[in-house]
Protein chains: 2
Amino acid sequence: MNPTQSLSLQLYTNSRILIQLIQGSLTEFGLTYPQYLVLAVLWKEDGLRVNEIGQRLELDSGTLTPLLKKLEAMNFVKRQRGEADERTVTAELTYPGKSLQSKVQESLNKLDAIIQEIPDFSIDSLNQTLAGLLENLKAIKNSDHA
Amino acid sequence: MNPTQSLSLQLYTNSRILIQLIQGSLTEFGLTYPQYLVLAVLWKEDGLRVNEIGQRLELDSGTLTPLLKKLEAMNFVKRQRGEADERTVTAELTYPGKSLQSKVQESLNKLDAIIQEIPDFSIDSLNQTLAGLLENLKAIKNSDHA
DNA sequence: TTACACTAAATTGTATTCAATTAAAAATTT
DNA sequence: AAATTTTTAATTGAATACAATTTAGTGTAA
């Protein structure tokens, strides 16, 4: 079990358990975690193309297309074919989709307060480390194709 | 976007990208990442019950039962009903399953060498941080049920 | 001992992930 | 302009995750 194997298991398990905790806050809104992530991207920057959402979350159309159709069926998002470039599809928040933000945020802030109480643990420091790691992993992934 | 929201996205994304890199080493053996994880648990301690594998990976029978059946179909594992307690099922490595370890390990060590080259990054330190975080997250998850 | 609770695995149904392929539109090259 | 390449989503198929339920076996208490 080399350090990379340990790291992958730690990331995988921490990710799943934390998402389970977050899911507890999302269920009341009928959202799954990936659905929430897409909404969070749009709350920050609305009207993005499928492509652009994918870049921000490292997800492809195989995941995003059905997910966006689901969000559209739930009336949180409207999908629209690009006028200039008909290959593209943009996702725009509906009014209910926009309204959701403050409610979801309030619920997630309660969980954050609990996580912040973990002793001897700097969540900001960990976030910085992980942001740096991600850039390196993406670089390795792309260089592998050579 | 509070620190916990950032953390979940970082864990989720880093986890997926690192697993994609590892998958590149596993495909030649016909293994998926969760299948490899179960084998890795058994390489360390053979003959565990479904339950016990689940504790080590934080996975339940809904995930493990079909996965173990797949590993059995690939002849890497043999599942056996407990004699004393017929509710239990134990997973034992077959000879091909055991033989796989050194080959998979060799391939994963190559990836580890690349990851180790990332500058200004202590993978061991990160692993320790994540191990500690996981224990805290599990405690929060279990206390939530109160 | 018989009813009741508990435990372990399996099953069911929904929702991702992701590699690989397809289809259509746009950009580029010849 | 016609052919080729590239780009963008969508589709397809296999394999998880996981909550919720079911089934069967075990333990316990009246």
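General observations
- Qualifying residue in the stretch B:49-56 (condition: in contact (Cβ under 8 Å) with a residue 12 or more places away in the chain, open to solvent by less than 20 Å² (accessible area, probe 1.4 Å), within 12 Å of another protein chain (Cβ to nearest Cβ) and within 13 Å of the chain's Cα centre (by Cα)): no
- Filtered by the rule that a residue be within 30 Å of B:VAL41 (Cα to Cα) and outside any helix (DSSP H, G or I), the stretch A:1-56 gives A:MET1, A:ASN2, A:THR32.
- Of the criteria (1) under 26 Å from A:ILE17 (Cα atoms); (2) part of a loop (DSSP other than H, G, I, E, B); (3) away from chain B (no Cβ under 14 Å), which one A:LEU59 fails: (3)
- Note on the stretch A:6-31: among residues that are open to solvent by less than 30 Å² (accessible area, probe 1.4 Å) and more than 7 Å from chain B (Cβ to nearest Cβ), the one that is farthest from DNA strand C (Cβ to nearest atom) is A:SER25.
- Condition met for B:LYS69 (charged (D, E, K, R), part of a strand (DSSP E or B), more than 9 Å from chain A (Cβ to nearest Cβ) and open to solvent by 60 Å² or more (accessible area, probe 1.4 Å)): no
- Checking A:LEU126, A:LEU64 one by one, the residue that is within 16 Å of DNA strand D (Cβ to nearest atom) and either open to solvent by less than 80 Å² (accessible area, probe 1.4 Å) or in contact with a helix residue (DSSP H, G or I) (Cβ under 9 Å, 6 or more places away or on another chain) (or both) is A:LEU64 and no other.
- Filtered by the rule that a residue be open to solvent by 20 Å² or more (accessible area, probe 1.4 Å) and among the hydroxyl-bearing types (Ser, Thr, Tyr), the stretch B:98-123 gives B:SER99, B:SER102, B:SER122.
- If the condition is being more than 7 Å from chain B (Cβ to nearest Cβ), without any contact (Cβ under 8 Å) to a residue 12 or more places away in the chain and closer than 17 Å to A:LEU37 by Cα, then the stretch A:98-129 contributes A:SER99, A:SER102, A:GLN105, A:GLU106.
- Criterion (within 16 Å of DNA strand C (Cβ to nearest atom), under 28 Å from B:ILE123 (Cα atoms) and not basic (Lys, Arg)) met by exactly one of A:ASN142, A:ASN75, A:ASN136, A:ASN127: A:ASN142
- A:ASN75, sole failed condition from (1) open to solvent by 50 Å² or more (accessible area, probe 1.4 Å); (2) within 10 Å of DNA strand D (Cβ to nearest atom); (3) of a type outside the set (Ser, Thr, Tyr): (2)
- Of everything in the stretch B:78-97 that is without any contact (Cβ under 8 Å) to a residue 40 or more places away in the chain and away from DNA strand D (no atom under 16 Å from the Cβ), the residue that is least open to solvent (accessible area, probe 1.4 Å) is B:THR94.
- Set side by side, the residues A:GLN23, A:GLN116, A:GLN101 differ, and just one is within 23 Å of B:LEU11 (Cβ to Cβ) and either among the acidic types (Asp, Glu) or within 11 Å of DNA strand D (Cβ to nearest atom) (or both), which is A:GLN23.
- Qualifying residue in the stretch B:32-39 (condition: more than 12 Å from DNA strand C (Cβ to nearest atom), at the interface with chain A (Cβ under 10 Å from one of its Cβ atoms) and either within 30 Å of A:ASP144 (Cβ to Cβ) or open to solvent by less than 40 Å² (accessible area, probe 1.4 Å) (or both)): yes
The values are calculated or read from the model by the stated rules, or taken from the named source; none is laboratory data. Small disclaimer: the values here were computed from a predicted structure and weren't measured. Every residue, glycine among them, receives a Cβ derived from its backbone with ideal geometry; neighbour counts consider all protein chains shown. Ligands, DNA and RNA are excluded from the accessible area calculation, which covers all protein heavy atoms including side chains. Shrake-Rupley method; radii C 1.70, N 1.55, O 1.52, S 1.80 Å.
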